[in-house]
Structure formats: C-alpha cells, structure tokens
Amino acid sequence: MRPSPTWWILGDGALGRLFAARLTTTLSLHLIGRRAAASPLRYHAPSGETHEVDVARTTLATQALHTYARPALVVLATKSHATLSAVEELAAHVDPQTPLLSLQNGFSIQPRLTETWAGPVLCASTTEGAYVEGDAGVVHAGTGTTWVGDIHNAWPTLARDCAYWLNQAGFSAYHDAAIVQRLWHKLAINAAINPLVARYRIRNGQLRDQPFRRMVDTIIDEIGPLLEGEGIIPPPAGWHTLVWEVIVATANNRASMLQDVLAGRPTEREAILGPLLAAAKRQRCSTPTLETLYHDTPS
Ligand code: KPL
C-alpha cells in the first residue's frame, strides 16, 4: 500500500460521516464540522452491524488541527448552497493549491469551484446512500458506486489516486473522464425524485404508486430532451430506465431533500432544479412541469 496521506472532510452530514468512518481506517483523516463533536462515530453498516469508529472530529478554528500535516486533499461534503462560504473559510487554513473533491449534488457548485479555486477541483458522483442518526451516528443505507473526475479532464492521475484511496476504504470507486455527463445524469435522477418525495414526505419507493408514478414520468419526459439539448448523451437504456432503476434500488431511502425538509434545513432546490431551468432558458424551450416543480419545492 502507498504511504497514507492526510485528508480533511469538510461537512459533518451524512456523506461526510460515511466517508470519514470508512476513510479513517486507511488514511490520516479529520472530519471538520461547524461544532467540535464527540468521537467516536457510530457507523451502521449495510449488513446491520454497528461499529464505533474513532474519527478525529473537529472545527477549522481548532488550533490542534493545524499542528498535523497539511491536507493532501479536502473532501467537500457540505450541502451545495453552503459550499462556497465553507470553501472561503477553508482557504485561510490550507495551501491554495490543495486539491478539492466536491461531493455536491446538482451541477452548480462544481463549475464555480473549478473557475475560482487555484488548485485542482475533482468532482464525484456517488450512489452511496446514507443518513445521519443523532450527533454521532451515520447509517450506511445502501452501497453504491462513486465516480471521480474533473470538469476539463485535466487531472486524471489525481482522480485515479483519489479513487485508489476510496477503494482502499471499501468503496467501489472509479475515475471517469466524462464526469460531467455522470453529474448531469445524477442531476436528472435527483430532479425526478427529490422534489416530489420532499413535497409529499414519502420514501423513494412510494413513487412507484399513483399519482406519483405519472408525475415522475412527466418530469422525465421534460428533462430528457432538455439534457440532450445541452449535449448530454442519454443513458444506454434511456432516461426513464435510469431513474426507475434508482427508485427501485433506493426504495426504502428517505432522499436527502426529504431529510432536509424534515429537519427544517434549506433544500438543494437551486442546485438540482436551477441548472435545468437555466438550460430551458438557454434553449428557449418551454418546461411547464419543471417550473411548477420548482415553485412547489421548499427552498
Ligand atoms: O441521491 C439521492 C438523494 O437522496 O439525494 C437519491 C438518488 C434520490 C437517493 O435517495
């Protein structure tokens, strides 16, 4: 195995805790949240087993954090709308060339970070499912796949290295030279699932029942042509199959947007639906379903 680097994870939510619980076993890791929190993390594995994992949980303001080695990479696991301010704060504490790995949903923060951050910006698209439990728990609801790349495909070696460490930690991770396509595909999935389940407060699998089933199909009918108009290649089995396969695979999940609504947090409406409405405007195409969905989705 290669010598272990130091990574920081910024964001103590579900994905931040999940990545921390797994990565801490193979590299030197600090999980950075808004508040210093008690270690260890309680990691509930998909098998049903629970592990107490000793994770260094700290804040950017904690002096002790800065006595350790500088991070070789910072994983951004904040919500999309909180990422720019988190990165501004981070900038005062790390070398400006530090590579970032963006785990954010949607396709809004990734281009902005790529333009503004001096170092490499990797983006990941993951189908790992997780939700938080209390102050120190994370439930790994379903294993998935994580693809890593960067928007201009300028950092393939770094992306492969990052995938290597994720694999060492037990994830299935791959470099993807076409990560932009992958991010848009995930955005299509999130747009068809998250706003509806958040509004009606249902689990993903309930979308298979009417009247939701019809609503999902109508949304997909609008999204597919729109994304193709943006140069996104349709998935091999088509947009409907892509979305319905995820609904079936995550039937028991409470989607991230539903978790946000239930916890009274802001949602990722802008990151997920905003880029679609912007594409519709660019293409001068009418998308009444997406517009209604945007207005009906809590912000
Ligand atoms: O990514 C997700 C989310 O919850 O944000 C889906 C795929 C909808 C699974 O719940």
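Since every read-out is calculated from the coordinates, none of them should be taken as a lab result. Just so you know, these numbers come straight off a predicted model, no measurement behind them. Ideal geometry is used to build each Cβ from the backbone, glycine not excepted, and the neighbour counts take in all protein chains shown.
Points worth noting:
- Residue-level check: of (1) polar (S, T, N, Q); (2) touching a residue at least 60 places away in the same chain (Cβ under 8 Å); (3) more than 16 Å from the ligand (Cβ to nearest atom), GLN181 misses just (2).
- Count - residues of region 219-278 that are among the aliphatic types (A, V, I, L, M) and without any contact (Cβ under 8 Å) to a residue 60 or more places away in the chain: 13
- Which listed residue is farther than 21 Å from ARG17 by Cβ, surrounded by 15 or more Cβ atoms within 10 Å (Cβ to Cβ) and in contact with a strand residue (DSSP E or B) (Cβ under 8 Å, 6 or more places away or on another chain), from GLY142, GLY129, GLY119, GLY137: GLY119
- Per-region count, region 66-86, residues in contact (Cβ under 8 Å) with a residue 40 or more places away in the chain and touching a strand residue (DSSP E or B) at 6+ places or on another chain (Cβ under 8 Å): 12
- Subset of region 60-76 (residues that are closer than 16 Å to GLN97 by Cβ, aliphatic (A, V, I, L, M) and exposed (fewer than 14 other Cβ atoms within 10 Å of the Cβ)): ALA69
- Filter result (surrounded by fewer than 19 Cβ atoms within 10 Å (Cβ to Cβ) and not small (Gly, Ala, Ser)) within region 162-180: TYR164, ASN167, GLN168, TYR174
- Residues that are under 15 Å from ASN194 (Cα atoms) and touching a Gly at 6+ places or on another chain (Cβ under 9 Å) were ranked within region 229-254; the one that is farthest from the ligand (Cβ to nearest atom) is VAL248.
- Flag for SER102 being under 28 Å from THR143 (Cα atoms) and in contact (Cβ under 8 Å) with a residue 40 or more places away in the chain: no
- Residue selected from region 85-107 under the condition surrounded by 21 or more Cβ atoms within 10 Å (Cβ to Cβ) and among the small types (Gly, Ala, Ser), by the criterion nearest to the ligand (Cβ to nearest atom): GLY106
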